[in-house]
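All remarks here apply to the structure that follows.
The values are calculated or read from the model by the stated rules, or taken from the named source; none is laboratory data. Quick caveat: nothing in here was measured; it's all calculated off a predicted structure. Cβ coordinates were reconstructed from backbone atoms using ideal geometry, including for glycine residues, and neighbour counts include every protein chain displayed.
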Amino acid sequence: MRLLLSTARVPSYLFSLLLSLLLATTTTRITTSVHANANVDSGDGAAAYGPPAFWSSAPELAAWLPTGHARFDARESKVNGALPPDWSIVVLKPHLTDSQYRAHYNWLNKTLAASLSSAPTSAARLHCVFRTGYAGQFPPAVRAQITARPDVRVVEDDMLLKVGAITTGANAVGSPVDSGLDRLDQLALPLDGRYNVRGNAGAGVDVYVIDSGVLLNHTEFTPNRARAGVSFASGGSTDDIVGHGTHVAGTIAGQTVGVAPSASIIAVKVIDNDGSGPASNVIMGLEWVVSAVAKTNRPSVINMSIGGPKSTALDMAVLMAVRAGITVVAAAGNDAKDACETSPANLARVITVAASSSTDSRAAFSNSGACVTLFAPGVGIRSSWPNGGTSLTAGITDAYNVLDGTSMSCPHAAGAAAIVLSQTPLASPQDVMKALVGAAVPGAVSATKPGDPNLLLNLVRIFNPSAGPPPPPQGAAGFMPAAGGDDGAPPTTASTTTASTMRGAAAAPGSMLAQDGASSPRASSAPALLPVVSWAVLVVAAALGFSLA
């Protein structure tokens with residue numbers, strides 16, 4: 001399209017003005033479309049947080065922490081299996097300068113010292129410090145002082161998160177192909193008893209399992225595809241006593257039970273050997289992953305088969321990971337309630353996974369609603385398992401278990417995300433979500449609830465983008481786009497509730513992202529008036545002496 005100007009009728013400055021308006025509205029439309037679900041990059045969301053300049057210098061940072069405290073205090077935080085009532089997480093306000101961070105920690109140092117001086121027997125200590133704030137045990141008087149500070153966004157109770165699932169077949173060895181895997185590679189029932197992996201599924205992709213640890217030498221992960229990342233749990237080891245993390249890791253990348261058997265697993269242990277851990281440990285784990293990925297520069301996925309009631313602190317940490325280009329997949333939860341009431345499942349930038357059964361029915365225990373991205377198999381899932389008990393027994397590296405839970409659905413989607421990233425390594429988290437949603441089978445899940453996106457995770461179009469999904473079953477609910485969420489994560493009221501849940505570039509030829517896939521179900525629409533404004537400018541321009549050729 002060319003713009004021809006009759007200069008005798010229209011001054012050049014008016015032409016420039018009209019052309020600027022046209023370009024501005026068109027550019028706004030394009031930008032809004034590309035960043036349709038980018039609330040994380042606006043307002044006072046995760047994009048507003050540092051790190052402050054002194055963060056990269058450990059000795060300098062240590063000088064500003066309360067006397068005698070490291071950035072992370074690995075001492076046991078629980079008392080008789082529970083967090084103290086005054087265990088809190090503090091979220092600082094965004095956009096603080098380096099000097100403001102320094103001033104806050106200097107004040108905190110003096111405040112904690114004064115508290116201990118006036119009441120030597122009081123429990124006042126810092127548990128951990130992260131980019132958006134810190135956590136620790138703060139007596140009521142200290143907590144009140146922290147809350148009243150103008151540089152503090154919110155103070156909330158730390159939550160004790162528990163992992164759990166329903167065991168339906170302990171040490172199941174020699175079972176046929178898992179029904180969850182079997183369901184992923186065919187568009188409709190009945191199952192054929194096979195899982196046809198295409199190529200090196202997941203090769204070159206790291207999947208960080210934030211959980212109870214991983215049995216690294218399990219036969220499902222040989223040779224050397226699982227490695228220790230870090231432990232923020234008691235004891236310092238990433239060994240998995242609970243079994244939950246090992247089961248999750250197997251579903252993601254196990255040799256025989258995994259969705260993406262060529263992906264690498266990195267264990268990030270945040271759950272203690274009793275099956276629980278504070279949310280502050282999870283935040284530390286997330287920040288460690290962000291730093292690790294910045295060093296490796298490899299396409300990466302975070303699996304979070306864990307969550308709890310809505311938490312500003314936890315949500316901000318997750319959003320920082322997403323903004324760093326890491327795809328985050330989260331379990332919807334096992335409480336048969338609205339997933340929008342939980343963190344991080346409520347976040348629109350997170351791939352939130354609900355559970356379906358082997359008959360494609362919504363699992364009765366599964367959380368649901370508008371914050372769910374899609375469903376994935378979560379009933380009767382067989383995967384790797386440590387030998388169990390209260391300690392690991394040397395030599396037992398080939399045990400399996402069958403579990404139910406959205407904790408089991410989540411790793412199916414995390415494995416699928418790894419496959420997308422192995423095909424298109426520079427795909428952004430939003431690209432990955434778009435690919436999974438576009439490849440999902442619509443209308444396949446029965447017994448869904450109002451607001452549920454009736455989409456079932458599927459790999460057929462991931463492996464073969466030209467394959468078309470079948471029509472929805474008769475009587476099945478259609479795809480219902482879920483409502484957008486506020487990734488700015490507004491402050492929530494403090495709660496002490498225990499929870500139980502089990503980068504953008506061109507796409508590689510032939511990959512799902514090279515196709516005209518569906519957009520994110522929770523992407524905000526670009527303002528409809530923008531195209532109208534653009535055309536209105538053209539009409540005015542034509543009236544003033546422009547013509548199109």
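List of remarks:
- If only residues of the range 266-283 that are of a type in the set (Val, Ile, Thr) and under 16 Å from the mean Cα position of the chain (by Cα) are counted, the one that is surrounded by the fewest Cβ atoms within 10 Å (Cβ to Cβ) is 266.
Residues checked against (1) out of contact with any strand residue (DSSP E or B) (no Cβ under 7 Å at 6 or more places or on another chain); (2) crowded, with 22+ Cβ neighbours inside 10 Å:
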{"position": "285", "(1), (2)": "no, yes"}
{"position": "288", "(1), (2)": "no, no"}
{"position": "294", "(1), (2)": "yes, no"}
{"position": "299", "(1), (2)": "yes, yes"}
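- Only one of 175, 212 that is assigned by TED's automatic domain parsing to the domain that holds residue 253 and at pLDDT 90 or above: 212
- Evaluated against (1) under 28 Å from residue 189 (Cβ atoms); (2) assigned to a strand (DSSP E or B), residue 335 falls short on exactly one condition, (2).
- Selection status of residue 370, part of a strand (DSSP E or B), closer than 17 Å to residue 446 by Cα, at pLDDT 95 or above and assigned by TED's automatic domain parsing to the domain that holds residue 310: no
- Qualifying residue in the range 491-512 (condition: more than 17 Å from the chain's Cα centre (by Cα), under 22 Å from residue 330 (Cβ atoms), at pLDDT below 50 and not in a loop (DSSP other than H, G, I, E, B)): yes
- Of the residues 241, 306, the single one that is over 29 Å from residue 197 (Cα atoms) and assigned to a loop (DSSP other than H, G, I, E, B) is 241.
- Members of the range 323-339 found to be closer than 20 Å to residue 354 by Cα and not hydroxyl-bearing (Ser, Thr, Tyr), listed by number: 328, 329, 330, 331, 332, 333, 334, 335, 336, 337, 338, 339
- Contacts under 6 angstrom Cβ, first residue in the range 235-248 being more than 19 Å from residue 261 (Cα to Cα), partner among the charged types (D, E, K, R) and at pLDDT 90 or above, 6 or more apart: 238/269
- Pick from the range 96-127, criterion among the small types (Gly, Ala, Ser) and within 15 Å of residue 146 (Cα to Cα), ranking: modelled with the lowest pLDDT: 124
- Looking across the range 441-464, just one residue is of a type in the set (Val, Ile, Thr), part of a loop (DSSP other than H, G, I, E, B) and modelled with pLDDT of 95 or more, and that is 445.
- Screening the candidates 424, 448 for the property of being in the same structural domain as residue 359 (by TED's automatic domain parsing) and closer than 26 Å to residue 369 by Cβ yields one hit, 448.
- Among the residues of the range 341-386, those that are surrounded by fewer than 24 Cβ atoms within 10 Å (Cβ to Cβ), farther than 18 Å from residue 437 by Cβ and hydrophobic (A, V, I, L, M, F, W, C) comprise 364, 365.
- Close pairs from the range 219-231: first in the same structural domain as residue 262 (by TED's automatic domain parsing), partner exposed (fewer than 15 other Cβ atoms within 10 Å of the Cβ), Cβ under 6 Å, at least 6 apart: 219/398
One line per residue, one yes/no per condition, for (1) at pLDDT below 90; (2) closer than 17 Å to residue 107 by Cβ; (3) buried (at least 20 other Cβ atoms within 10 Å of the Cβ):
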residue: 132; (1), (2), (3): yes, no, yes
residue: 139; (1), (2), (3): no, yes, no
residue: 151; (1), (2), (3): no, yes, no
residue: 154; (1), (2), (3): no, no, yes
residue: 159; (1), (2), (3): no, no, yes
residue: 167; (1), (2), (3): yes, no, no
residue: 187; (1), (2), (3): no, no, no
residue: 190; (1), (2), (3): no, no, no
residue: 197; (1), (2), (3): yes, no, no
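- Scanning the range 340-362 turns up no residue that is hydroxyl-bearing (Ser, Thr, Tyr), modelled with pLDDT under 95 and within 23 Å of residue 88 (Cα to Cα).
- Within the range 80-89, none of the residues are modelled with pLDDT under 55, under 17 Å from residue 232 (Cα atoms) and not β-branched (Val, Ile, Thr).
- Residue in the range 213-220 that is over 22 Å from the mean Cα position of the chain (by Cα), over 26 Å from residue 387 (Cβ atoms) and surrounded by fewer than 22 Cβ atoms within 10 Å (Cβ to Cβ) present: no
- Hey, residue 252 within 24 Å of residue 290 (Cα to Cα), surrounded by 22 or more Cβ atoms within 10 Å (Cβ to Cβ) and of a type in the set (Val, Ile, Thr) or not: yes
- Across the range 309-332, the number of residues qualifying as assigned to a helix (DSSP H, G or I) and of a type outside the set (Lys, Arg) comes to 11.
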